[in-house]
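Note sheet for the following structure.
The values are calculated or read from the model by the stated rules, or taken from the named source; none is laboratory data. Given the structure is predicted, the values throughout are model-derived calculations rather than measurements. For neighbour counting, all protein chains shown are included, and Cβ atoms are generated from backbone atoms with ideal geometry for every residue, glycine included. We work out accessible area using only protein heavy atoms, side chains counted, and drop any ligands, DNA or RNA first. Shrake-Rupley method; radii C 1.70, N 1.55, O 1.52, S 1.80 Å.
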Amino acid sequence: MPDITLPDGSTRTFDGPVTGTEIAMSIGPGLAKAALAISVDGELRDLNRPIETDATVSIITAKDADGLEILRHDSAHVMAEAVKELYPDTQVTIGPSIEDGFYYDFARDEPFSTEDIAAIEARMKEIVARDEEIIREVWPRAKAVEFFKQAGEHYKAEIISDIPDDDEITLYRQGEFIDLCRGPHLPSTRLLGAFKLTKVAGAYWRGDSDNEMLQRIYGTAWATEKDLKAYLTRLEEAEKRDHRRLGREMNLFHLQQEAIGMVFWHPHGWKLYRTLQRYMRKRLDNAGYVEVKTPELIDRTLWESSGHWEKFREHMFTTEAEERVLALKPMNCPGHVQIFRQGIKSYRDLPLRMAEFGACHRYEPSGALHGLMRVRGFVQDDAHIFCTEDQITPETESFCELLMSIYRDFGFEQVLVKFADRPPVRAGTDEVWDCAEGALMDAVKSAGLEVHFNPGEGAFYGPKLEFVLRDAIGRDWQCGTLQVDFVLPERLDATYVGEDGDRHRPVMLHRAILGSIERFLGILIEHHAGRFPLWLAPRQVMVATITDDTDAYARQVLEQLQIAGLSAEADLRNEKIGYKVREHSVAKVPVIIAVGAREAEGGTVAIRRLGDKKQEILALDEAVDRLRNEAVGPLARTD
């Protein structure tokens with residue numbers, strides 16, 4: 001007679017083993033209809049697996065994150081079933097759920113075509129309509145291996161052979177299709193929500209480039225057609241905002257094969273880059289930071305002492321000179337400790353906030369590179385705060401206040417904060433980690449931050465806060481971070497003289513607000529769809545002539561704008577004004593000033609804002625003053 005405790009704390013007693021379906025029905029038929037799976041003492045299970053002992057149970061529906069993940073995982077299985085029915089000689093390999101969807105990797109000699117994808121999606125809908133029961137089965141290992149070998153599914157047989165001996169081998173049957181899987185799954189294919197196959201890509205077996213190439217079919221799956229439609233709309237909007245396309249249209253940057261993962265910044269793009277750095281330098285100066293510069297090429301012995309060589313070696317670029325191994329720095333922290341160690345530091349010198357726009361290099365596989373979002377060479381807005389334990393809380397509070405203010409200036413209002421604790425592979429003792437995690441959590445509570453926990457995702461030397469921005473179309477980007485480190489000062493022998501006259505170890509707070517400047521600019525471009533506020537735009541004003549006989553007045557207008565400090569250019573080409581407006585609108589110039597004979601005669605200008613068909617006629621002096629004041633924006637901040 002198991003007692004089942006529900007999320008609201010109530011308890012229900014059943015006469016014998018009970019399934020999730022029966023528990024849901026005891027609560028109400030509506031919940032039973034919506035139920036997809038159950039959580040039993042925190043473990044996800046199939047809805048129809050019996051519960052034989054007392055347990056805490058919650059019913060999983062499509063409204064839950066776990067429920068949506070199960071829908072997506074089942075979509076992958078249904079896709080594999082469809083592929084096997086349509087193309088029986090194809091081997092199925094691995095098919096997980098992923099963010100916003102799912103994929104499955106297939107071994108097939110012939111490439112999947114656009115017509116094939118449409119046929120697979122249509123067959124998936126047929127399988128859903130069949131209402132196939134999904135049944136969990138436990139098989140002996142040898143039987144499972146032999147079954148898949150006989151079926152010609154050699155990849156599945158290999159996977160089973162690699163499963164630890166003490167793990168249960170579970171298979172799921174739906175119709176005539178049987179797949180290896182831990183589950184859980186839906187009770188039936190009819191419960192699958194709305195889905196769509198999106199693309200085909202190549203993928204190496206088990207992610208190893210030495211293995212054979214497979215074909216990966218991606219799809220997206222949602223609880224309802226409405227959710228699916230909303231997601232596809234977001235995808236269309238994301239494509240319009242793609243920073244790589246906008247980077248070309250706005251002439252900001254490019255990438256090429258001769259420098260894989262490195263950015264070639266064009267004049268307009270570099271102006272945007274410098275504006276961002278100028279703003280950040282001002283905010284850091286006002287917040288009491290000192291800026292430093294450390295070498296990019298450092299002997300491996302320092303990286304060994306810091307622990308990075310052991311934990312991060314595979315991501316580091318190295319070279320040899322004079323029988324020494326040197327590494328391009330992947331991060332700035334060991335260099336900052338070296339500056340801290342020069343001379344004797346006193347407790348009166350703390351907190352010491354040391355900032356650097358540090359050029360870093362990390363090896364990223366070429367297949368993982370993505371425009372500005374993931375590169376091999378980048379600059380971090382990095383800083384390290386050397387402080388006492390008592391200063392962790394106030395320094396965390398002031399950092400969080402600065403970070404949120406900066407994000408608001410760039411147009412981000414929604415920020416999610418995650419607390420990431422100790423990872424499986426780490427430096428330092430458990431006692432040190434207990435102290436670091438406790439100090440950071442105390443600081444979080446003092447700052448009044450609402451945090452979501454991200455277990456096991458801390459840095460190898462300490463726990464951290466991760467700051468996740470939500471952009472204009474609802475995508476999340478992790479940018480800022482704050483990490484509490486008791487380990488590196490110990491490893492690199494950083495000390496200060498305390499009030500008691502003895503030597504003490506400082507605490508080291510690793511912090512970044514933008515993260516990689518390159519990546520943050522990519523996010524900014526997509527967030528604003530290239531339509532930057534005037535203070536940030538690399539090309540702020542374009543003066544366009546309507547007729548050739550107003551060239552002299554256009555140059556006068558341009559001169560006044562440039563004297564006022566605005567980034568202005570003039571388009572004096574013998575082209576129609578409509579053509580000029582369209583061209584500069586595509587380039588996302590925020591303000592276009594049209595001048596013709598009437599404007600030249602009256603000393604006025606016609607101002608047209610990007611995306612606005614209306615224009616405003618102003619006297620030249622008034623227009624310049626108004627644009628100058630607007631262009632200052634957050635650069636005028638004094639905090």
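Residue-wise test of (1) within 25 Å of residue 354 (Cβ to Cβ); (2) at pLDDT 95 or above; (3) touching a strand residue (DSSP E or B) at 6+ places or on another chain (Cβ under 9 Å).
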residue: 465; (1), (2), (3): yes, no, yes
residue: 476; (1), (2), (3): no, no, yes
residue: 485; (1), (2), (3): yes, no, yes
residue: 488; (1), (2), (3): yes, no, yes
residue: 492; (1), (2), (3): yes, yes, no
The one condition residue 588 fails out of (1) buried (at least 20 other Cβ atoms within 10 Å of the Cβ); (2) farther than 21 Å from residue 268 by Cα; (3) among the charged types (D, E, K, R) is (2)
Against the definition (buried (at least 19 other Cβ atoms within 10 Å of the Cβ), aromatic (Phe, Trp, Tyr), in contact with a strand residue (DSSP E or B) (Cβ under 9 Å, 6 or more places away or on another chain) and part of a strand (DSSP E or B)), how does residue 386 come out, yes or no? yes
Output the residue which, of all residues in the range 294-310 that are more than 18 Å from residue 382 (Cβ to Cβ) and part of a helix (DSSP H, G or I), is least open to solvent (accessible area, probe 1.4 Å). 309
The lone condition residue 98 fails out of (1) open to solvent by 30 Å² or more (accessible area, probe 1.4 Å); (2) more than 24 Å from residue 214 (Cβ to Cβ); (3) of a type in the set (A, V, I, L, M, F, W, C) is (2)
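Any residue at all in the range 402-415 that is within 17 Å of residue 512 (Cβ to Cβ) and open to solvent by 50 Å² or more (accessible area, probe 1.4 Å)?
No, there is no match, as no residue in the range 402-415 is within 17 Å of residue 512 (Cβ to Cβ) and open to solvent by 50 Å² or more (accessible area, probe 1.4 Å).
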Residue by residue through the range 157-189, note down the ones that are of a type in the set (Lys, Arg) and modelled with pLDDT of 95 or more. 173
Can you name the residue in the range 311-324 that is in a helix (DSSP H, G or I) and among the basic types (Lys, Arg) and, of all such residues, is least open to solvent (accessible area, probe 1.4 Å)? 311
Considering only the range 237-252, state which residues are part of a helix (DSSP H, G or I) and closer than 15 Å to residue 471 by Cα. 237, 238, 239, 240, 243
Subset of the range 494-509 (residues that are open to solvent by 10 Å² or more (accessible area, probe 1.4 Å) and within 37 Å of the chain's Cα centre (by Cα)): 495, 505
Requiring at least 1 residues that are open to solvent by 40 Å² or more (accessible area, probe 1.4 Å), touching a Ser or Thr at 6+ places or on another chain (Cβ under 9 Å) and under 26 Å from residue 66 (Cα atoms), the helices (runs of 4 or more DSSP H) wholly within the range 101-178 are 114-130
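Which residue is least open to solvent (accessible area, probe 1.4 Å), if the candidates are limited to the range 425-458 and must be of a type in the set (Val, Ile, Thr) and part of a loop (DSSP other than H, G, I, E, B)?
429
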Those residues that are surrounded by 17 or more Cβ atoms within 10 Å (Cβ to Cβ) and in a strand (DSSP E or B), I need them from the range 253-264; list them, please. 253
The condition from (1) closer than 16 Å to residue 189 by Cβ; (2) at pLDDT 95 or above that residue 46 misses is numbered (2)
Look through the range 544-565, keep the residues that are in contact (Cβ under 8 Å) with a residue 60 or more places away in the chain and surrounded by 21 or more Cβ atoms within 10 Å (Cβ to Cβ), and return whichever of them is nearest to residue 604 (Cα to Cα). 557
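Checking the structure you have, find out if any residue of the range 239-252 is open to solvent by less than 20 Å² (accessible area, probe 1.4 Å) and more than 30 Å from residue 369 (Cβ to Cβ).
Within the range 239-252 (the criterion being open to solvent by less than 20 Å² (accessible area, probe 1.4 Å) and more than 30 Å from residue 369 (Cβ to Cβ)), the answer is no, since none of the residues qualifies.
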Select, from 594, 600, the only residue that is part of a helix (DSSP H, G or I), among the small types (Gly, Ala, Ser) and surrounded by 12 or more Cβ atoms within 10 Å (Cβ to Cβ). 600
Suppose we filter the range 35-82 for residues that are part of a loop (DSSP other than H, G, I, E, B) and among the small types (Gly, Ala, Ser); how many remain? 3
Taking the range 459-481 and keeping residues out of contact with any helix residue (DSSP H, G or I) (no Cβ under 6 Å at 6 or more places or on another chain), open to solvent by less than 10 Å² (accessible area, probe 1.4 Å) and within 16 Å of residue 433 (Cα to Cα) leaves 465
I'm trying to understand the selection: among the residues of the range 523-566, which are of a type in the set (Gly, Ala, Ser) and in contact with a Ser or Thr (Cβ under 9 Å, 6 or more places away or on another chain)? 537, 554
Criterion: touching a residue at least 24 places away in the same chain (Cβ under 8 Å) and acidic (Asp, Glu) - qualifying residue of 85, 43, 99: 85
Check the range 18-33 and report whether any residue there is buried (at least 16 other Cβ atoms within 10 Å of the Cβ) and under 29 Å from the mean Cα position of the chain (by Cα). no
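So for the range 325-347 (the condition being open to solvent by 40 Å² or more (accessible area, probe 1.4 Å) and within 25 Å of the chain's Cα centre (by Cα)), does at least one residue qualify? Don't jump to the end; show me each part of the working.
Residues of the range 325-347 open to solvent by 40 Å² or more (accessible area, probe 1.4 Å): 328, 338-339, 341-344, 347.
Still in the list and also within 25 Å of the chain's Cα centre (by Cα): 328.
So far as the range 325-347 goes, yes, one or more of its residues are open to solvent by 40 Å² or more (accessible area, probe 1.4 Å) and within 25 Å of the chain's Cα centre (by Cα).
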Take the residues in the range 180-205 that are in contact (Cβ under 8 Å) with a residue 60 or more places away in the chain and open to solvent by 30 Å² or more (accessible area, probe 1.4 Å); name whichever of them is farthest from residue 232 (Cα to Cα). 187
Could you say whether any residue in the range 360-372 is within 24 Å of the chain's Cα centre (by Cα), among the small types (Gly, Ala, Ser) and open to solvent by less than 20 Å² (accessible area, probe 1.4 Å)? yes
Residues of the range 459-486 that turn out to be of a type outside the set (Ser, Thr, Tyr) and assigned to a loop (DSSP other than H, G, I, E, B), as a count: 8
Restricting attention to the range 60-81, the residues that are touching a strand residue (DSSP E or B) at 6+ places or on another chain (Cβ under 6 Å) and not polar (S, T, N, Q) number exactly 13
If the requirement is being over 21 Å from the mean Cα position of the chain (by Cα) and either modelled with pLDDT under 95 or over 22 Å from residue 69 (Cα atoms) (or both), which of these qualifies: 262, 280? 280
Among the residues of the range 283-291, is there at least one that is open to solvent by less than 60 Å² (accessible area, probe 1.4 Å), at pLDDT 95 or above and among the β-branched types (Val, Ile, Thr)? no
